Amino acid sequence: MHIHILGICGTFMGGIAALAKGLGHHVTGSDAQVYPPMSDQLRAIGIELIEGYDAEQLSPRPDLVIIGNALSRGNSAVEAVLNQRIPYTSGAQWLHDELLQHKWVLAVAGTHGKTTTSSMLTWLLEFAGLKPGFLVGGVLANFQQSARLGESDFFVIEADEYDTAFFDKRSKFVHYCPSTLVLNNLEFDHADIFADLAAIQRQFHHLVRVVPGYGRIFYPQQEAALEQVIEQGCWSETVKTGPQGEWSTRLVKQDGSVFDVLYRGELQGQVRWDLIGDHNVANGLMAIAAAHHVGVPVDVSCEALLSYQNTKRRLELRANIADIAIYDDFAHHPTAITTTLKGMRAKQPKARIVAVLEPRSNTMKLGTMADVLDTALSEANEIFMLQPDAVQWRVTDKVPRAHVGASVDELLVLLSQKLQPGDQVVIMSNGGFGNIHNRLIDVLRRQYTD
């Protein structure tokens, strides 16, 4: 078939494109902006990309159009698909129909840690020789790609709760029908599409409803929002993780770089890795437990995590200039900001931590969680925040300590004046943040070499 994908450069849709290509289809696609790294990955495998959404791109007429959830009515290409009666579907629905219904799906859902946990789980299965397929919302460092078909019945997927398409407002993960389901956590997020936490819980229960009776659902103990989901009805085995759960951990080093894995209180193995932070320990435990469900021994998983490379933009060290360390992190929700900075504090207990934050997500722009931002940033010694026009609330009203810039240029000037050797600079955004990472590195190189 000739499949044309609208919104192809997002990580999920780009992964769909790579999988469709792998299945032998002729794949083309377009996006408002054709941008790397996904554009480079897609061109490398021979997928033609078009900038913009003009109706002419649908000539010659494709056999099927897959429409990303960023597109809506009024878009020229969407209107042409409807007017010309071209068959169309969503990425999640196509994935179910063409691939997942034939696989043992291991899905990772939750407000935080989805990408990291699913990439860990993929690596554990790969290390064990199971050669899984996968689709993850980031470039997996151990694989240098975000999706592949694999060579076995196992398929790992990051299960996102965001809506499916303009014509299907269910969460994408409802289409995945996993046999192994990880529920990392659940908090209110995506205020642009969910009215409250109960609305998100409803979607999570839709996901629980499609796990088969032989399936297994892993979730942390004392996670009230998830307990409430399970209490709405569950037809599969449930397994709890955490201090009193079936699966638990015991820290050997307080920063989380070494920890023991226990099952029903009995030691099963020890993890030594490059990651830090309680959140990563929890992610690692979930991955180990889920891999064990499909036959991977715990000692093999522990050995695998020794060579696990974290996904890009997860406290990723970008450079160290004059003893000023620059980190890039995807954190954009107050809980993720808190755990990222606590992880850094555990790693560098005496260092000066400098937080640089872009309030970019729709939830952040709406100010839904602005009241808790100051607390989320409490581990930072210095705070720098962008105040873009799209953010209607005043940063200094919510985070009084923050140095505020109306542009990335202004932030760079402020940072160049305040940074000093020994600083650990954590830049947090779920977007490109105006290329601030590379620009700051250039500024510091000039400042300390001239």
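The values are calculated or read from the model by the stated rules, or taken from the named source; none is laboratory data. Predicted model only: the values in this text are computed from it and were never measured. Because the Cβ atoms are built from the backbone with ideal geometry, glycine has one as well, and the counts that use them run over all protein chains shown. To get the accessible areas, we keep the full protein, side chains included, count just its heavy atoms, and leave off ligands, DNA and RNA. Shrake-Rupley method; radii C 1.70, N 1.55, O 1.52, S 1.80 Å.
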(request) For the chain, give the share of DSSP beta bridges that are antiparallel, in percent and rounded to the nearest 5; count only bridges with both residues there. (result) 30 percent
(message) What does the net charge come to around Q254 if you take all other residues with beta carbon closer than 13 Å to its beta carbon, with K and R at +1 and D and E at -1?
(response) +3
(request) Would you mind checking K172/K365; K103/K342; K398/K418; K342/K398 for any pair whose Cα atoms are more than 27 angstrom apart? (result) K103/K342
(request) Along Cα→Cβ, 7 Å out, is where each label goes; now give me the distance between the ones at Y214 and T375 in nm to one decimal. (result) 4.5 nm
(message) Once you place label points 7 Å from the Cα toward the Cβ at Q33 and R318, how far apart are they in nm?
(response) 1.5 nm
(request) Determine which aspartates and glutamates satisfy two conditions relative to K21: a Cα distance under 13 Å, and not lying fewer than 8 residues away in the same chain. (result) E48, E98
(request) Mind computing the radius of gyration and Dmax over the alpha-carbon atoms of segment 313-450? Å is fine for both. (result) 13.8, 44
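Loop-only GluC sites (Glu not before Pro) in segment 24-105, please: DSSP not H, G, I, E or B, and at most 16 other Cβ atoms within 10 Å.
When the GluC sites (Glu not before Pro) of segment 24-105 are filtered for loop state and at most 16 Cβ neighbours within 10 Å, nothing remains.
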(request) Would you mind working out the accessible area per residue for segment 280-386, using a 1.4 Å probe, and quoting it in Å²? (result) 36 Å²
(request) Please find, in a Gaussian network model of the chain (springs between Cα atoms separated by less than 10 Å), the residue of L366, L121, L183 whose mean-square fluctuation is greatest. (result) L366
(message) With +1 assigned to the C-beta of every Lys and Arg and -1 to the C-beta of every Asp and Glu, and no other charges, what is the dipole magnitude of segment 61-165 about the Cα centre in debye, to the nearest 20?
(response) 160 debye
(message) Out of the chymotrypsin sites (Phe, Trp or Tyr not before Pro) in segment 180-285, which ones are loop residues according to DSSP with at most 16 other C-beta atoms within 10 Å?
(response) Y214, W235
(request) Could you tell me the convex hull volume per residue, in Å³, taken over the Cα atoms of segment 1-112? (result) 115 Å³
(message) What percent of all Cα-Cα pairs in segment 370-427 falls into each 10 Å bin, going from 0 up to the bin containing the maximum distance?
(response) 22, 54, 23, 1
(message) Looking only at segment 1-159, where both bridge partners belong to it, what percent of the DSSP beta bridges are antiparallel (to the nearest 5)?
(response) 10 percent
(request) Could you work out which residue, out of Q93, Q57, Q387, moves most in a Gaussian network model of the chain, that is, has the largest mean-square fluctuation with Cα springs under 10 Å? (result) Q57
(request) Report, in deg cm²/dmol and to the nearest 500, the calculated mean residue ellipticity at 222 nm for the chain, where each DSSP H run with n ≥ 4 adds -39500 (n - 2.57) and the sum is divided by the residue count. (result) -9500 deg cm²/dmol
(request) Whole Å is fine, so just give me how far the alpha carbon centre of segment 394-408 lies from that of segment 1-38. (result) 38 Å
(request) Go through L317, T363, L440 and say which Cα lies farthest out towards the positive end of the charge dipole of segment 305-450; charges sit on Cβ, +1 for Lys and Arg, -1 for Asp and Glu. (result) L317
(message) Can you tally the net charge around T122? Count Lys and Arg as +1, Asp and Glu as -1, for every other residue whose Cβ sits under 11 Å from the Cβ of T122.
(response) 0
(request) Return the carbon/sulfur percentage of the accessible area of segment 54-116, one whole number, probe 1.4 Å, all protein chains in place. (result) 43 percent
(request) Counting only DSSP beta bridges with both residues in segment 123-200, tell me the antiparallel percent, nearest 5. (result) 60 percent
(request) State the percent of C-alpha pairs, over all pairs in segment 219-364, separated by a distance greater than 25 angstrom. (result) 38 percent
(message) Pick from C302, C177, C234 the residue whose mean-square fluctuation is largest in a GNM of the chain, springs joining Cα atoms under 10 Å.
(response) C234
(message) Quick check: at a probe of 1.4 Å, how many percent of the accessible area of segment 411-450 sits on carbon and sulfur atoms?
(response) 45 percent
(request) State, to one decimal in nm, how far the label point of Q244 lies from the label point of S407, with both points 7 Å from Cα in the Cβ direction. (result) 5.6 nm
(request) State to the nearest 20 debye the size of the charge dipole of segment 1-56 about its Cα centre, where the only charges are +1 on K and R beta carbons and -1 on D and E beta carbons. (result) 260 debye
(request) Would you give the gap between the C-alpha center of segment 293-308 and the C-alpha center of segment 221-271, rounded to a whole Å? (result) 16 Å
(request) Enter the Cα centre distance for the pair segment 144-215 and segment 350-379, rounded to the nearest angstrom. (result) 26 Å
(request) Over all directions, average the projected area of the Cα convex hull of the chain and note it in nm². (result) 21.5 nm²
(request) Quick one: net charge around M1, please, counting Lys, Arg +1 and Asp, Glu -1 for every other residue with C-beta under 11 Å from its C-beta. (result) -2
(request) With +1 on each Lys and Arg Cβ and -1 on each Asp and Glu Cβ, and nothing else charged, work out how big the dipole of the chain is about its Cα centre, in Debye to the nearest 20. (result) 380 debye
